[in-house]
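Just below is one structure, and these are the notes that go with it.
The values are calculated or read from the model by the stated rules, or taken from the named source; none is laboratory data. Computed from a predicted structure; not experimentally measured. Counting neighbours? That spans all protein chains shown, and the Cβs are built from the backbone with ideal geometry, glycine included.
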Amino acid sequence: LVKMVKTAPKPNYLVADCKLYHKDNAEFLSLLTFITLIPSTIKLEKTLITEALAAQEWTTIDDNYQYTVNEVEHMDIKQRWIVVNSKAAGERATKTIGRQADRAKEKLDKELFHLQAQRFTCKEDALKSLAALNKRQNYHQLTELNCIAHKVYEGKSRPKKDAPVKQIVWQTRAVVELNDKAIQHAIEQKSCFILATNADEKALSPEGILHHYKAQSVVERGFRSLKDPLFFVSSLFIKKPSRIDALLMIMTLSLLVYSIAQRRMRASMKKANETIPNQINIPSATPTLRWVFQCFEGINLVQTTEIYGKTSIYLDGFNKLREKIIHLIGGHSLHLYNIQKNGVGGLINVSLTQPKISLVVVLDNVTNSHNIGAFIRLADTFAIEKVTVCGELTISDKKLNKAYRNEAKWVCVEFCDSTTSSLQTLLDEGYSVYSVELCHESVDYSEVAYPPPCVLVLGNERKGVSEAA
């Protein structure tokens, strides 16, 4: 890493979070020009923040940031520690510490309740237990510390007036109050952070240090996908250093492609003034590509071999939202999803071309909603041209839609009162009609050629195909 950073084009800085700043890395840090966040576990960090808050001698950058500079020597490295005060961090800290104080109050009330249920043999022990509980609190304090004496008599029954006292036990009493001073101090501490660098002041100003440190978040937002189970990186176990380097190279290139695709899609959305629904179905003009990946779950590449020897490959599950996203990404993705561009009035009309089998399924008085839905789902799977439901339906639209499972959006479904009129129309259009029925004149379905275009007639569940059909 030291060699790579030194040979990189100038200016070069190693920017990292607080994990970098450790005594084990001091030897390497002394050889590099670094910008890093100082861990809050270092005592000097808290001391310098407290002194900066007390002095209030800030240099303002903008409405959100102000800073003060300290020259220090830490881990045998001469550095500049820039104490940065952030208004946004202060607002976040107010909310965070407010929640922590509420949880601490609930916990303290429970502990105090159990402590008050105890009985101590001497008053000093009772007060010590209250003091120990009070000492553990960060955002609260116990006030009005007191003890109540209880007499314990001989025997188990109700004591008489002249009954001798066996012993005196003590019960604790206290009131819980919010420690406003401690809460305010914690908020002020969390609203500040320290950036350290060993770069020369002429080469890198405090404003430049803050700018470079904040810039790493842009890169980190891309690499957070490595932790996502959607990308399966955590499932790979690699031991050889060369393979680790190879995986890092692959993931870096993948991140580059990811970022380019996301940038291209957002630019197209901005230019076209378009949005897509986010995870909670609210229109968003800046979706992440990770969410777009999830939107494309459930697309299948279906290959069908038709009876007359033609093989067809098409996409199953490609809806209007997915078509819109592919259009926004553009480029080679349009070809991959078999989308054609047609100029219409200066706009681009994107249409999906899916090959359909020249086959029409006619359901002759099929009454069961599940059977009708099954045929429609099969028609969607095998890219059948059309399903015609003939006869009087005795089922509700709600049941029928439930049986469809939304497949009617992708399949052409027609309803007709008369089977004979529907078949006559298809015959006039040049279709060959085949009826699926068990009778003496029936032939094996596998021996039929089914020349396109053709019609398959399926009959009622009990009576089969009607005589008229």
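Pairing each residue of region 172-200 that is closer than 30 Å to I148 by Cα with any residue that is surrounded by fewer than 16 Cβ atoms within 10 Å (Cβ to Cβ) and among the β-branched types (V, I, T), provided the two are 6+ apart or on different chains, yields C-beta distances under 9 Å for T172/I148; R173/I148; A174/T143; V175/T143; V176/T143; E177/T143. Taking region 34-44 as the range and being under 34 Å from the mean Cα position of the chain (by Cα) and under 15 Å from V69 (Cβ atoms) as the test, the residues that pass are I35, I38.
Of all the criteria given as (1) on the phi > 0 side of the Ramachandran plot; (2) under 34 Å from the mean Cα position of the chain (by Cα), the one not satisfied by Q56 is (2). Just one of the listed residues (A101, A132, A126, A93) is over 30 Å from A196 (Cβ atoms), of a type in the set (A, V, I, L, M, F, W, C), in contact with a helix residue (DSSP H, G or I) (Cβ under 7 Å, 6 or more places away or on another chain) and assigned to a helix (DSSP H, G or I), and it is A101. When the residues of region 236-275 are filtered to those that are modelled with pLDDT under 85 and of a type in the set (S, T, Y), the one that is farthest from the chain's Cα centre (by Cα) is T252. Within region 256-277, how many residues turn out to be over 14 Å from K324 (Cβ atoms) and either assigned to a loop (DSSP other than H, G, I, E, B) or among the aromatic types (F, W, Y) (or both)? Total satisfying the criteria: 1.
Within region 145-167, being closer than 26 Å to F113 by Cα and polar (S, T, N, Q) holds for N146, Q167. Among residues of region 201-228 that are of a type in the set (D, E), those with a beta-carbon under 8 Å from a residue that is modelled with pLDDT of 90 or more and surrounded by 12 or more Cβ atoms within 10 Å (Cβ to Cβ) at least six positions away or on a different chain give the pairs E201/R80; E207/I61.
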